[in-house]
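The values are calculated or read from the model by the stated rules, or taken from the named source; none is laboratory data. The model shown is predicted, which means the values in this text are computed figures rather than measured ones. In this analysis, Cβ positions are derived from the backbone assuming ideal geometry, glycine residues included, and neighbour counts consider all displayed protein chains.
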Amino acid sequence: MSSPKFKRILLKLSGEVLMGSQQFGIDPGTVAALAQEVKAAKDTGLEICLVIGGGNIFRGMAGAAKGMDRAQADYMGMLATVMNALAMQNALEQLGVPTRVQSAIEMDKVCEPVIRRRAERHLEKGRVVIFAAGVGEPYFTTDSGAALRAAEMQCDALLKGTSVDGIYDCDPKTNPDAKRYDTVDYGTVLAKNLKVMDASAVALCRDNAIPIIVFSIREKGNLARVLAGQGTQTTVQKGA
């Protein structure tokens, strides 16, 4: 694999990816496979930040839609992301990859609080840093948390690993004629509501000139291919 063109990235994984073939929860085999993907990328010398969603355990928006208080539901979703972060930390460290979890909601028995300069030091020492609990406040998604941490940590790109191989002009699961973009600009994503990430996350990346790369994390070895510029992906950037 050729050397990646980035020095530091933030990898955002949807919580649903951790389920594997299950309907709910965390599949240890799937988490282990994802950890292998992260390790392969890190072994090239890349500095990696991770953000993992919580939809495999609890999604705040879904709870609010069923009558729960939105803020309470969102806090529950944040706790789900901490569980996923700890699962990924365990899988990475079993592969010999030193890892630290930093949570926007302080819980010092299990992880560190989010401290930017400490996170910088971890990355300099070759550790993977997993940011959990979003931004620590309700009404913000983990996409917003990922964009915030990418900007805060001065990442060269935000990679979003999902179940689809890029951004389409409509849902490819329901429309076989859906068109996949190779590149698209931030304004088009926002104007056409392409739903790659929530609008605040896209706008934050736009304002900080952070490209968003969307790809399928379910394909073995795809993260390494995308980093080498070979895999199927969609890049959101300025003036695409």
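Hey, does segment 53-66 have a residue that's loosely packed, with under 14 Cβ neighbours inside 10 Å and of a type in the set (D, E, K, R)?
yes
What tally of residues in segment 191-204 results from selecting those that are over 19 Å from the mean Cα position of the chain (by Cα) and among the aliphatic types (A, V, I, L, M)?
Final tally of qualifying residues: 1.
Looking only at segment 29-44, count how many residues are assigned to a helix (DSSP H, G or I) and in contact (Cβ under 8 Å) with a residue 60 or more places away in the chain.
Final tally of qualifying residues: 10.
Any idea which residue in segment 165-206 is surrounded by the fewest Cβ atoms within 10 Å (Cβ to Cβ), counting only those that are free of Cβ contacts under 8 Å to residues at least 40 places away in the same chain and among the acidic types (Asp, Glu)?
Only one residue fits best here, namely 177.
Does residue 228 satisfy the criteria of being within 26 Å of residue 34 (Cα to Cα) and modelled with pLDDT of 95 or more?
So residue 228 does not fit the description; no.
How many residues, within segment 101-122, are surrounded by 19 or more Cβ atoms within 10 Å (Cβ to Cβ) and either acidic (Asp, Glu) or under 19 Å from residue 154 (Cβ atoms) (or both)?
Number of matching residues: 5.
Looking only at segment 148-184, count how many residues are touching a Lys or Arg at 6+ places or on another chain (Cβ under 8 Å), modelled with pLDDT of 90 or more and under 21 Å from residue 222 (Cα atoms).
10
Select from segment 99-113 the residues that are in contact (Cβ under 8 Å) with a residue 24 or more places away in the chain and either touching an Asp or Glu at 6+ places or on another chain (Cβ under 9 Å) or among the β-branched types (Val, Ile, Thr) (or both) and list them in ascending order.
99, 100, 101, 102, 103, 104, 105, 110
Take the residues in segment 207-231 that are buried (at least 16 other Cβ atoms within 10 Å of the Cβ) and among the polar types (S, T, N, Q), then tell me which one is nearest to the chain's Cα centre (by Cα).
216
Please verify whether segment 56-70 includes one or more residues that are touching a Pro at 6+ places or on another chain (Cβ under 9 Å), closer than 18 Å to residue 143 by Cα, assigned to a helix (DSSP H, G or I) and not β-branched (Val, Ile, Thr).
The answer is yes, given that some residue of segment 56-70 is touching a Pro at 6+ places or on another chain (Cβ under 9 Å), closer than 18 Å to residue 143 by Cα, assigned to a helix (DSSP H, G or I) and not β-branched (Val, Ile, Thr).
Quick one: would you say residue 74 is more than 16 Å from residue 155 (Cβ to Cβ) and free of Cβ contacts under 8 Å to residues at least 60 places away in the same chain?
No: the conditions fail for residue 74.
Only strands (runs of 3 or more DSSP E) wholly contained in segment 168-240 count here; list those with 1 or more residues that are closer than 27 Å to residue 40 by Cα and among the aromatic types (Phe, Trp, Tyr).
Answer list for segment 168-240: 212-216.
Considering only segment 143-164, state which residues are surrounded by 18 or more Cβ atoms within 10 Å (Cβ to Cβ) and assigned to a helix (DSSP H, G or I).
Of everything in segment 143-164, those that are surrounded by 18 or more Cβ atoms within 10 Å (Cβ to Cβ) and assigned to a helix (DSSP H, G or I) turn out to be 143, 144, 145, 146, 147, 148, 149, 150.
I'd like the full set of residues that are in a strand (DSSP E or B) and not β-branched (Val, Ile, Thr), limited to segment 71-123.
Hits for segment 71-123 are 100, 102, 103, 112, 113.
Could you check segment 191-234 and list, in sequence order, the residues that are among the hydroxyl-bearing types (Ser, Thr, Tyr) and over 27 Å from residue 31 (Cβ atoms)?
Within segment 191-234, 200 is the sole residue that qualifies.
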